[in-house]
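Written out below as structure tokens is the structure these notes cover.
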Amino acid sequence: MKLFNLNKLHHELDSLTFLQVCIGTIFLSIFLIAPLLLMTGQAFISKNGINLTWFTDLLGSPEYVSFQSRGGRFGEVYNGILYLWGFDYGILLNSLIVAAIVTLICSIIGVLVAFFVNRYNFFGKRIFQILLLVPLLATPFVNAYVIGKLFNPRGGLINYIFYDFLHILPWRIDIDGLFGIILAQVLSYYPIVYLNVSAALNNIDPSLEEMAENLGAKSLKLFRTITFPLIIPSLAAGAIITFIFSLEDLGATIGFIGARANPLAKKVVSYQVFSSFAEALTGGISPKVAALAVIILILTVSSYILVQKYVNIRNYTMLSKGGRWGSRVSVPSKHRQSFIFVFLLLLIIIASMPQIGTILLATTDWTTSGALPTKITGEYLTTLWTNQDVTRAITNSLVYSLIAVVIMVIVGSSIAYVVAKRNIPGKGILDLLATIPVAVPGITLAVGYFLLFGQYFRGSVLDPLKDPALLLIIAYSIRRLPFMIRSVHAGLQQIDKSLEESSFNLGAGRTTTFVKIILPLVIGHLISGALLGFVYSMAEVSTSVTLGALREDREPITFFISRIIYGVAAVGSVSIGASMCMLLMAVEIAAMTISNYILKQKVSYLGV
Amino acid sequence: MVNIKLKNINKNFGEVAAAKSVNLFIEDGEFFTLLGPSGCGKTTIMRMIAGLEYPDEGTILFDGKDVTKEPSFKRNTGMVFQNYALWPHMSVEENVAYGLKIRKFNEAEIKKRVTEALEQVKLTGMGKRFPTQLSGGQQQRVALARVLVINPSVLLLDEPLSNLDAKLRVEMREEIKELQKRLGITTVYVTHDQEEALIISDRIAVQNKGEIKQIGTPLEIYDHPKDVFIATFIGKGTLLQGSISEKNKVNVDNYYLSYTNNLELKEGDKVNVLIRPESFVLNKPSEESNRLEGIIESITFVGQYTELKIVIGNFSIIVNTSPKTILNKNEKIVGYVPYGNTILLPYEELV
Ligand SMILES: Nc1ncnc2c1ncn2[C@@H]1O[C@H](COP(=O)(O)OP(=O)(O)OP(=O)(O)O)[C@@H](O)[C@H]1O
Ligand SMILES: [Mg+2]
């Protein structure tokens, strides 16, 4: 029996497949597994050998875990100001609480919006569908900065309008700290749940719902008993991504600190890891930080794998998919229509505050003018090509992202092909490894890279202290690899294996077949994946502001923005940061448009 | 062209035996059909010949040369897939030219051969179209042209007609047969349609659950099925049980039918008896003992013939008659089965 397997392996493992397996395995082993393992290892080592010292230290210290509030304000009115900051329960608990609340609120909003949009027809629906995606346009740091600015009790626009001008509010509102982070994250992340759930709602065979209605189930009951259970897997998929994004997010915390300098906004894990990099240049990274990163990593990876298992088992939304159909859409009563309309309108207005704010900051004198901008100016936008530091950061990011995309295409298409089309023992492991990066927070990866390549590759091109560029490129490509693989995999699954076999039969080897038959057939998916990978890389935050901080002339665009917002940059005004965010938004819009309308690929949403 | 030999081929997919001790010899230039019910392993055998699947055990020889371990691209077989497998991103011309490009023919030669091949399958002028712009029958022809153009030593056709409508199926059947005879190419044809197999093949191998049950010309298989499975799978007929009463007579419910047969049978042996619907003669027999007398229970008009169900004693048989014969329900009827048409099969329990 053993012999047969070897025989089979011999047939399956031709040179192309061998090469592809090697590319995937080696790349993931060196740049994903090794750094994370080393980091985990170091977290377990202290002066007295292998033990849990760092972990017990962390978990035992009230600075990290505290069951009593260590400060902060929430719902307290003082001097005519309503403080909404949140309470400090220690860095680790804060992060978990923030992530849990963000996930919960995003889930509620996401499901509601998805349900409204996919089950009802109402006035302005088409426009809403587009505007609902505006938060996907990343404006790192500036988004939180804008929110902090709007809710500033001293001259914030919201307070100005609703307190000073309209007199609707009895007090001024001060949103900041952990609550501010929650607000900023909810506004950025609800589309993740919304898109996942939308896809599920579209995939439900309408006859399932019609059958239930036929049996007498009315709307709410129908939703509770049939529709909702069917979308749970997608909801779980979107929720876990939201959870992970929230845990690793640095944009909101840095943005709030930049806007308001409230130390409560620093009391999250991601900020602690980030600030440790500021000292890394001189002192290295302490095992305590590694331990912190390990705790987060274990949480994200294990919950991700659990959810993935659950989603795979319960993925029955497609079960009775027979032919094509339009999903079930009804026109609700006028009363309900107006409720939906107002709800979505408010959501869109609030959720696109960061994007609108970014544009205002970039094109007017709003940074310095107080509550309202007073004049339009192009001086900040022109820095995009006149200011040398700015152009250098932009060029750096462009180059990094382009190279990262090339790596993503090569590694991603290799892994996707092996997983989708070949029958190699152990390919399941490769598949799993390639999906794991979704669950690895960027800050964790940065710590792992710093430890591994800083210690064991000292002085080489991979040494982050010498030159972090290559590691940044690799980090970008690894972090977005799963999305590339998913995109190509989806394309590959539509290719019947007979299309390849007829090529073999006509005398073409596997490599020729891959190049002439497979690649042309998935080119749309490949380009679409590449475009998204490029956009994500340009806007990537976590590794950019950690590894990217290690050498000034190598800094990527997001690190540059973070420095401006954080206020440590001598380069100047927040408006320049906002201008750079506008550039990012433009790139994002272009990529999504090409992907959607020219390549006719659905923007591959983020999910399990 | 080549002859093909399969020696003791075994192939399992987990628990399922897709090929079980398969031995076949396919002559050079022969039109050979693999016939069997769905899932019996026909495609698997064909794919092993093409080199798209490898046997667990056994050898495959082309003209006596062992090709068992050769990958598909070295075997020079031309396989037409059940779903045609045309490449949607290439035009008809490009699809057909593919094999030639792989073989590094020059541009002019490729152009010439592609034109010829398209002509052969009556698709002249369609070269610039894309597969999605073609009807099912046209796609089928492109698939055929795509393999014919490389002059394959073996033509492999996996249920090539199953996606076509009934009329086109008959047309294409004729065309394929005609083309194959003209080119004299060794052809393996897979189908689960027994009528198609009988019409198109030089020889047929009937397969069931991975095993080859019988090999023979269409006539041999129709007239001398080896067992009940083959008898019921190919053609229609009534299966009855009987026992040998004396030499060349079989007792079916006390009717004594004469037969000729080369089974080793002795008096008292139980047998199964197959009577094809067209072999019942509506006349008095010359030999009185063959006489069957019954009552027409039902009459079904089918088109070319009329199907009768006749109750004879404790059993009933299905009989085809000319639609011109005027008969009535419940009419008494007398006839016989000529001794050459009484087909005896080794006894097995009927379900
Ligand atoms: N790649 C495979 N993996 C597992 N089982 C397979 C595979 N290919 C075929 N089988 C099984 O082997 C058996 C024979 O399959 P095969 O396709 O050869 O049948 P077939 O006679 O061509 O049937 P059909 O008339 O339906 O096309 C079936 O039970 C099938 O499920
Ligand atoms: Mg088949």
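The values are calculated or read from the model by the stated rules, or taken from the named source; none is laboratory data. The structure displayed is predicted, hence computed values, not measured ones. Here the Cβ positions follow ideal geometry from the backbone for every residue, glycine too, while neighbour counts run over all protein chains shown. The protein model used for the area step is the full one, side chains on, heavy atoms only, and it has no ligands, DNA or RNA in it. Shrake-Rupley method; radii C 1.70, N 1.55, O 1.52, S 1.80 Å.
Do any residues of the stretch B:34-55 show a loss of at least 20 square angstrom of accessible area between the isolated chain and the full protein assembly, using a 1.4 Å probe, and if so which? Buried by 20 Å² or more upon assembly, which counts only protein chains, are B:Arg47, B:Leu52, B:Tyr54.
Largest first, how would B:Ser243, A:Ser503, A:Ser333 line up by accessible area (1.4 Å probe)? Each step should come with its number before you reach the end.
Working: B:Ser243 35, A:Ser503 0, A:Ser333 65 Å².
In descending accessible area the options line up as A:Ser333, B:Ser243, A:Ser503.
Couplings for the stretch A:477-491, taken from phi via the Karplus curve 6.51 cos²θ - 1.76 cosθ + 1.60 with θ = phi - 60°, read 5, 5, 5, 9, 4, x, 6, 4, 4, 5, 4, 5, 4, 4, x Hz in order; Gly and Pro are left as x.
Compute the Cα gyration tensor for chain A, then decide on rounded, prolate or oblate, letting a ≥ b ≥ c be the square roots of its eigenvalues: rounded whenever a/c is under 1.5, prolate when a/b is larger than b/c in the other cases, and oblate in all that remain.
Here chain A falls in the oblate category.
For B:Lys213, the residues whose modelled amide H falls within less than 5 Å of its own, excluding neighbours fewer than 5 places apart on the same chain, are B:Val206, B:Gln207, B:Asn208. Between the beta carbons of B:Tyr339 and B:Glu211, assuming R0 = 35 Å, the FRET efficiency works out to 0.65 to the nearest 0.05. Run the paramagnetic zone check for B:Val281: 7 angstrom along Cα to Cβ, then residues of the stretch B:232-273 with backbone nitrogen under 16 Å. Residues B:257-260 fall inside that zone. When A and B come together, around 2100 square angstrom of accessible surface is lost from both chains combined, probe 1.4 Å. With all protein chains in place and ligands, DNA and RNA left out, the 1.4 Å accessible area ranks A:Ser562, B:Ser322 as B:Ser322, A:Ser562, largest first. For the stretch A:70-356, carbon and sulfur atoms together expose 67% of the accessible surface, with a 1.4 angstrom probe and every protein chain in place.
Straight Cα distances below 15 angstrom link B:Lys270 to the aspartates and glutamates B:Asp227, B:Glu246, B:Asp253, B:Glu348, B:Glu349, with same-chain residues fewer than 8 positions distant left out. Here the mean projected area of the convex hull built on the C-alpha positions of chain B is 21.2 nm².
Using a Förster distance of 30 Å, how high is the FRET efficiency between A:Val515 and B:Thr68, based on the Cβ-Cβ distance and rounded to 0.05?
Step by step, r from the Cβ atoms, then E = 0.60.
Share of carbon and sulfur in the accessible area of the stretch B:239-346 stands at 48%, probe radius 1.4 Å. Computed with a 1.4 Å probe over protein heavy atoms only, the accessible area of B:Leu86 comes to about 20 Å².
A crude spin-label estimate for the pair A:Arg551 and A:Ala34, with each label 7 Å from Cα along the Cβ direction, gives 1.9 nm. Phi angles across the stretch A:576-591 convert, under the Karplus curve 6.51 cos²θ - 1.76 cosθ + 1.60 with θ = phi - 60°, into 3J(HN,Hα) values of 5, x, 5, 4, 5, 5, 4, 4, 4, 4, 4, 4, 5, 4, 4, 4 Hz, Gly and Pro given as x. Between amide H atoms placed 1.01 Å from N, distances below 5 Å from B:Val80 occur with B:Leu156, B:Leu157, B:Asp158, all of them 5 or more places distant or on a separate chain.
When the residues A:Cys22, B:Cys40 are ordered by accessible surface, computed with a 1.4 Å probe over the protein chains alone, the sequence from largest down reads A:Cys22, B:Cys40. Accessible area per residue for the stretch B:239-346, computed on protein heavy atoms with a 1.4 Å probe, is 55 Å².
Counting only DSSP beta bridges with both residues in the protein assembly as shown, what percent are antiparallel, rounded to the nearest 5? Taking every DSSP beta bridge with both residues in the protein assembly as shown, the antiparallel ones total about 75 percent.
Annotation: A:Met211 carries an accessible surface of approximately 100 Å², with a 1.4 Å probe and no ligand, DNA or RNA atoms counted. Accessible surface area normalised per residue over the stretch A:353-508 is 35 Å², counting heavy atoms of protein chains with a 1.4 Å rolling probe.
With a 10 Å cut-off around each Cβ of A:153-163, the average count of Cβ atoms from other chains is 0. Diagonalising the gyration tensor over the Cα atoms of the stretch B:239-346 and scaling each eigenvalue by 5 before taking the square root yields semi-axes of 26, 13, 12 Å, largest first. When the square roots of the Cα gyration tensor eigenvalues are ordered a ≥ b ≥ c, the ratio a/c for the stretch A:17-151 is 1.5 or more and a/b does not exceed b/c, which makes its shape oblate.
Listed here are the pairs A:Lys516/B:Lys128; B:Lys5/B:Lys213; B:Lys101/B:Lys167; B:Lys11/B:Lys69; B:Lys5/B:Lys111; which of them are more than 24 Å apart at the Cα?
Violating the 24 Å limit, Cα to Cα: B:Lys101/B:Lys167; B:Lys5/B:Lys111.
Here the simple spin-label model places points 7 Å from the Cα toward Cβ, and for B:Gln82 and A:Leu281 these points are separated by 6.7 nm. The heavy atoms of A:Met353 offer some 30 square angstrom of accessible surface to a 1.4 angstrom probe.
Cross-link check: pairs A:Lys497/B:Lys42; A:Lys497/B:Lys181; A:Lys309/B:Lys42; A:Lys309/B:Lys209; A:Lys266/A:Lys375 evaluated at a Cα-Cα cut-off of 28 Å; pairs beyond the cut-off: A:Lys497/B:Lys181; A:Lys309/B:Lys42; A:Lys309/B:Lys209; A:Lys266/A:Lys375.
Burial here means at least 40 square angstrom less accessible surface with every protein chain in place than with the chain by itself, probed at 1.4 Å; in the stretch B:85-114 the buried residues are B:Trp87, B:His89, B:Tyr98, B:Ile102.
For chain A, the mean residue ellipticity at 222 nm estimated from helices alone is -21000 deg cm²/dmol, where every DSSP H run of n ≥ 4 contributes -39500 (n - 2.57) and the total is divided by all residues, rounded to the nearest 500. The phi torsions of the stretch B:122-136, fed into the Karplus equation with coefficients 6.51, -1.76 and 1.60 and a -60° offset, translate into couplings of 6, 10, 3, x, 9, x, 7, 6, 9, x, 5, 8, 10, 6, x Hz, rounded to whole numbers, with Gly and Pro shown as x. A straight Cα-to-Cα reach below 20 Å connects A:Lys221 with the aspartates and glutamates A:Asp205, A:Glu209, A:Glu210, A:Glu213, residues fewer than 8 places away in its own chain not being considered.
Remark: the stretch A:61-175 carries 46 Å² of accessible area per residue (probe radius 1.4 Å; ligands, DNA and RNA excluded). Taking a ≥ b ≥ c as the square roots of the eigenvalues of the alpha carbon gyration tensor, the stretch A:70-356 is oblate, as a/c is not under 1.5 and a/b does not beat b/c. The residues of the stretch A:492-536 listed by number as losing at least 30 Å² of accessible area in the complex, against the isolated chain and with a 1.4 Å probe, are A:Ser498, A:Leu499, A:Glu501, A:Ser502, A:Phe504, A:Asn505, A:Leu506, A:Gly507, A:Lys516, A:Ile517, A:Leu521.
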